[in-house]
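Report on the following structure.
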Amino acid sequence: MAKKTVSEKVEKWHAVPIKGSFMVFAIVGFLVSAFLLTNAAWRLAFLTVFAVMFVAALISLAKAPINA
């Protein structure tokens, strides 16, 4: 048996469906962090996390396969 090369071992990346509640949680978390947190360092950290969550939800929405 021949060894597999790295390109044969690595599968192509594909998006998976994420629930809609994930996007809602990202939006609500972003808004709460933006308006209610007073510490600037914590605000920036939470805004970054919720923004990344929102982007992940958008990617999932656009690229995930449709399940019948």
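Can you say whether Thr38 is on the phi < 0 side of the Ramachandran plot and modelled with pLDDT of 95 or more, as far as the supplied structure shows?
For Thr38, the condition - on the phi < 0 side of the Ramachandran plot and modelled with pLDDT of 95 or more - is not met.
Can you tell me which of Ala62, Ala57, Ala15 is surrounded by fewer than 13 Cβ atoms within 10 Å (Cβ to Cβ) and modelled with pLDDT under 95?
None of the other options fit; the residue is Ala62.
Any idea which of (1) small (Gly, Ala, Ser); (2) surrounded by 10 or more Cβ atoms within 10 Å (Cβ to Cβ); (3) at pLDDT below 95 is the one Ala51 doesn't satisfy?
Unmet condition: (3).
Give me the pairs: first residue in segment 50-68 and farther than 12 Å from Lys19 by Cβ and touching a residue at least 40 places away in the same chain (Cβ under 8 Å), second residue of a type in the set (A, V, I, L, M, F, W, C) and surrounded by 13 or more Cβ atoms within 10 Å (Cβ to Cβ), beta-carbon distance under 7 Å, and six or more apart or on different chains, which are they?
Sorted first by the residue in segment 50-68, then by its partner, the pairs are Ile59/Ala15; Lys63/Ala15.
So, of the residues in segment 35-48 that are more than 16 Å from the chain's Cα centre (by Cα) and of a type in the set (A, V, I, L, M, F, W, C), which turns out to be surrounded by the most Cβ atoms within 10 Å (Cβ to Cβ)?
Taking the candidates together, the pick is Leu37.
The values are calculated or read from the model by the stated rules, or taken from the named source; none is laboratory data. Computed from a prediction, not measured in an experiment: that's the story for all the values here. So basically every Cβ, Gly included, is an ideal-geometry build from the backbone, and we count neighbours across all protein chains shown.
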